[in-house]
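The values are calculated or read from the model by the stated rules, or taken from the named source; none is laboratory data. Just so you know, these numbers come straight off a predicted model, no measurement behind them. We place every Cβ from the backbone using ideal geometry, glycine too, and count neighbours over all the protein chains shown. These area figures cover heavy atoms from the full protein model, side chains too; ligands, DNA and RNA do not enter into them. Shrake-Rupley method; radii C 1.70, N 1.55, O 1.52, S 1.80 Å.
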Amino acid sequence: SSETFWTTTGMFPQEFIIGFPKCVKISKVAIQSYLVRTLRIERSISKDPVGFEQCIEKDLQHTEGQLQMEEFPLPDFQATYLRFIIKSAFDHFVSVHRVMAEGT
């Protein structure tokens, strides 16, 4: 729902994990967030959410009063779990409004 979101508790880093029913091929991840400064995406191909490896880390643009919309192309990428780590922010609290993964 575009009217719901996940918000941080005010200290960093903060993280959340998204799991898939099985290992999937992902070609692109897109995220809509607010006030995120540095974001890292890690993946695990394990049956359980362990053994994560870093895939991407990026400093996002500050978009005053608007959602940040970032896309991360991930060619030849497989994952069972994606861990999103918000390392720093432009304010004490940030929010994540949508995460989309494209692939098969």
- Task: Summarise the accessible area of region 15-103 (1.4 Å probe, protein heavy atoms) by the percent that is carbon and sulfur.
- Result: 48 percent
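Rounded to the nearest 0.05, what FRET efficiency is calculated for residue 63 and residue 99 with R0 set to 25 Å and r the Cβ-Cβ distance? Write out the running numbers ahead of the final one.
Details: r = 17 Å, r/R0 = 0.69.
For R0 = 25 Å, the calculated efficiency reads 0.90.
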- Query: When ligands, DNA and RNA are left out and all protein chains stay put, how many square angstrom of accessible area per residue does region 1-69 have with a 1.4 Å probe?
  - Reply: 66 Å²
- Task: Please work out how many pairs of lysine residues in the chain are eight or more positions apart (or on different chains) and have Cα atoms closer than 24 angstrom.
- Result: 7
- Item | Potential extension, residue 70-residue 3 segment - 0.36 nm per residue separation minus Cα distance | 22.2 nm
- Message: Pairs of alpha-carbon atoms within less than 8 angstrom and 6+ residues apart define the contacts here; what relative contact order does the chain have, in percent?
- Response: 48 percent
- Item | Electrostatic dipole magnitude of the chain [Cβ: Lys, Arg +1; Asp, Glu -1; Cα centre; debye, to 20] | 300 debye
